[in-house]
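J.: To start, I am sharing the structure in question, which I have written as structure tokens.
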Amino acid sequence: MFTIKDEIYDYMETHEELLIGHYIYKPELAENIINLLKNRGIEEYILVSSPWPYIKGGTNALSWIENGHLQMMTWDYRMEED
């Protein structure tokens with residue numbers, strides 16, 4: 001069964017323009033994933049961002065309920081250099 005999490009990972013793999021480095025993404029990936037959730041009918045989710053102390057970026061943690069089961073995923077993001 002193809003889950004929303006599978007769809008998100010597929011999105012991350014096929015949109016290389018959002019990839020900055022080894023498993024580090026541009027900040028706009030979060031908004032794109034939220035839109036994907038909403039398109040799949042998920043309106044309740046929690047997105048928490050924890051900034052890194054010395055580099056412009058951080059780690060996002062996203063959770064939602066899918067088919068009665070709690071789902072969660074994390075990914076790192078980095079702001080583009082000025």
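The values are calculated or read from the model by the stated rules, or taken from the named source; none is laboratory data. These numbers come from a predicted model, not from an experiment. Please note that ligands, DNA and RNA were not included when accessible areas were found on the heavy atoms of the full protein model with its side chains. Shrake-Rupley method; radii C 1.70, N 1.55, O 1.52, S 1.80 Å.
J.: Roughly to the nearest percent, how much of the accessible area of the chain is carbon and sulfur, given a 1.4 Å probe? Let's see the in-between values first.
T.: Numbers: 2950 of 5680 Å².
So the carbon and sulfur contribution to the accessible surface is 52 percent.
J.: Compute the long axis of helix 29-39 from its Cα atoms, compare it with the longest principal axis of the Cα atoms of the chain, and write down the angle in degrees, 0 to 90, nearest 10.
T.: 10 degrees
J.: If you don't mind, there's one more thing I want to ask. Taking the Cα atoms only, what angle lies between the long axis of helix 4-14 and the longest principal axis of the chain, rounded to 10 degrees?
T.: Once rounded, the angle reads 40 degrees.
J.: If you don't mind, another one. Have a look at the stretch 15-73 and give its Rg and Dmax from the Cα atoms, expressed in angstrom.
T.: So, for the stretch 15-73, Rg and Dmax equal 12.8, 39 Å respectively.
J.: Right, next: Read phi for every residue in the stretch 62-75 and hand back ³J(HN,Hα) as whole Hz from Karplus 6.51 cos²θ - 1.76 cosθ + 1.60, θ = phi - 60°, with x for Gly and Pro.
T.: Working through the residues one at a time gives 10, 9, 7, 9, 10, 6, x, 10, 6, 10, 8, 8, 10, 7 Hz.
J.: Another one. Ignoring ligands, DNA and RNA, what accessible area per residue does the chain give at 1.4 Å, in Å²?
T.: Working: 5680 Å² over 82 residues.
Averaged over the residues of the chain, the accessible area is 69 Å².
J.: Now, a different point. Based on DSSP H runs of at least 4 residues, each adding -39500 (n - 2.57), what is the mean residue ellipticity at 222 nm of the chain after dividing by all its residues, to the nearest 500 deg cm²/dmol?
T.: Computed mean residue ellipticity for the chain: -8000 deg cm²/dmol.
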